[in-house]
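> Starting off with a structure, shown below.
Derivation of every value follows stated rules applied to the coordinates shown; laboratory data play no part. If you're wondering where the values come from, they're calculated on a predicted model, not measured in any experiment.
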Amino acid sequence: MYVAVTRAAFWLACSGYWWGDGVLPLGPSIFLDEIADGCRHGAGAVAHWVAPPEPDAENPALAEPASATWPAAPSGDRYQAVREAAALVAAAMDGGPAATADIGVNPGAREEAGDVLYEREEAGGMLDERDQILVAAWERDTTLLLAERDRRRGDSAHAVELPEQVSVSALVTLARDPAELARQIRRPMPLPPAPQARRGTAFHRWLEQHYGAQRLIDPGDLLGMSDPDEEAEADLAFLRELFEAGAWADRWPQEVEVPFETRIGDRLVRGRIDAVFADGPAGGYDVVDWKTGRPPGSSDERRAVTVQLAAYRLAWAALAAVPLDQVRAAFYYVRHDLTVSPADLLDAGGLTALIEGIPSGD
C-alpha cells in the first residue's frame, strides 16, 4: 500500500469489493477506510461507495456463477473493421492494390469491400463521413504513440529540480549520470532485492559488532532479513577471514557508522561514514569506506565514486573541527585487500561546482 500511494505519478485510484469467493462479505480494508476518510475531508474524491450487504445476503458470484464461451467467435462490426484495417496496411506494405487484400470472412464480403475500395479510388480518394472519422482516429492515435516513443527515447527533456536534501549516493549518481539521477528523482521506484547488497549489509553489521558498536535495532531483526541462506553465510565467513588477515585488521577506529549532515553549496547532504581512524597525537584522520564488491573498472566510474569519499572527508573535517588537509579518505576492497586513496578528491568548492554545474533542463 505504501509503494502504491507514494509512487503514483499523477493520479491514484483505490477500489475494493464486498464479495470474493466465500460465503461471507469481505469488507473494506483499513487502508481503504483511511483513504476514503481522507477524501471526505478534501484530500480527494469518493466516486462511489457501495453500502454493506445485508446480514443474510448471499454472495451473488456463488448464486449466479459467471459463464462465457472461450475462445469467443469473431464477429461484429469491430472485427470487420480490424480485418479491413489490417488488410489495408498489408496491401500498402506489399505495394499492391488494396482491393486484392483478403478483408472479409466470406467471398461476398471480400467482393463487396473490394467494390467499395475501387469506387473510392475512382472517385479521387474521397472518403465518406464514417471513414473520415476513422482516419482521424488513426491519425490521432499514431501521433500520440509517436510522441510517447520520442519521450521514452529521451528526445525531449523534462526539467527536474534537485531536492534541497540529497544523499551521498545521489551525488555519486550525479557525477556518473545526471540524467539517471533526474529519472530517479522524477519517479522514485523500489529497487529489486540484491544479494550483493544484503551480504554487504551483513558484513558491515559484523564489523560493528567486531568494533563493539551497538544498534538499537539490528537490520537482521527486520522482517525477511534473518532468513537462512547458506551461500550468504559462507560468503560472510569468507569476508571475515579476509578482513582479519588484511591491512586494516590491526587498527582500531575512533568512530564507526558516523551519521552526518553537511551543507554543500545550497544543498544539505546526508550520509553515514563507515569508520574513522585517528593517527594519534600527531593528528590526522583516515576516513574509510568498506567495500565488499569489486573495484570499478572504468576511469569514469572511478571518478564518480570518489565523490563519496570527498563528501565523507568534508563532513568529518567539519565534525572534528580540523582543517580539510588533515583528513584522508580511502576505499578498502575487502576481497582484494586493496586500499584505494585518491589524491585528487574534490573539496567544498569542487563539490559545490558539481551540484551547480548541472545543465539547465537535464
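> Expected output is a single nm value to one decimal: the length gained when fully extending between Leu268 and Trp252, i.e. 0.36 nm times separation in residues minus the C-alpha distance. What is it?
Net length gain for the segment: 2.7 nm.
> Additional query: Between Val23 and Ala321, 0.36 nm times their residue separation minus their Cα-Cα distance comes to what?
Here the answer is 100.4 nm.
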